[in-house]
Each structure stands twice: as structure tokens, then as C-alpha cells.
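Visitor: One structure coming up, written as C-alpha cells, with questions to follow.
The values are calculated or read from the model by the stated rules, or taken from the named source; none is laboratory data. On a predicted model such as this, the values are computed, not experimentally measured, just so you know. Cβ sites come from the backbone with ideal geometry, for glycine too, and all protein chains shown count toward neighbours. All accessible areas refer to the heavy atoms of the entire protein, side chains included, with ligands and DNA or RNA removed. Shrake-Rupley method; radii C 1.70, N 1.55, O 1.52, S 1.80 Å.
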Amino acid sequence: MEFDGKNLTIADVKLLFTSDFASILGDSSLLGQVGGTARIDAKVVEIPESTSAIAFLVAAVPLLKSKLRKQM
């Protein structure tokens, strides 16, 4: 995750199959499997409490990565 004060970039986001999508495809074994990766680029226009929002994102990304690793 990178934040340069104006732009937020999260590279290599793993996209996992949800139970709903796996059932639509008719294959429950896909549940939780990696279906692909994505990159998220966001332009930050205004965050009222930027310190709190950035602190939340910085704390949330490692937790999300940890959960993703456990599912693999």
C-alpha cells in the first residue's frame, strides 16, 4: 500500500470467490479460492480526519493480508 498524500495505491489485491459466486458457477469447491488479482488506485479528494482514516487503512491492510494468507 502506498499513499503519497494525494493518491492511494494498493497493488496485488487477491480476489477470492464468495459462496454466492461459487454457487452461481455451480462449484462449491471454489469458495475462498483466489480468482485473480487486482490493483486499486484511488485519488483522495478530501478526508475530514485524514490521520484517523490513514491510520485505519494502515492497520487494516496487514490484517486483511493475514486473513488472505490463512485462507490459501
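Visitor: Determine if the range 50-67 includes at least one residue that is modelled with pLDDT under 85, among the polar types (S, T, N, Q), assigned to a helix (DSSP H, G or I) and open to solvent by 60 Å² or more (accessible area, probe 1.4 Å).
Guide: yes
Visitor: Return the total of residues in the range 1-38 being assigned to a loop (DSSP other than H, G, I, E, B) and out of contact with any Leu (no Cβ under 8 Å at 6 or more places or on another chain).
Guide: Summing the residues that are assigned to a loop (DSSP other than H, G, I, E, B) and out of contact with any Leu (no Cβ under 8 Å at 6 or more places or on another chain) in the range 1-38 gives 6.
Visitor: Do we have LYS43 as at pLDDT below 90 and open to solvent by 50 Å² or more (accessible area, probe 1.4 Å) here?
Guide: Spelling it out, LYS43 is indeed at pLDDT below 90 and open to solvent by 50 Å² or more (accessible area, probe 1.4 Å).
Visitor: Name the pairs whose Cβ atoms lie under 6 Å apart, with the first residue in the range 24-38 and within 20 Å of ARG69 (Cβ to Cβ), the second surrounded by fewer than 11 Cβ atoms within 10 Å (Cβ to Cβ) and among the charged types (D, E, K, R), and 6 or more positions between them or separate chains?
Guide: THR37/ASP12
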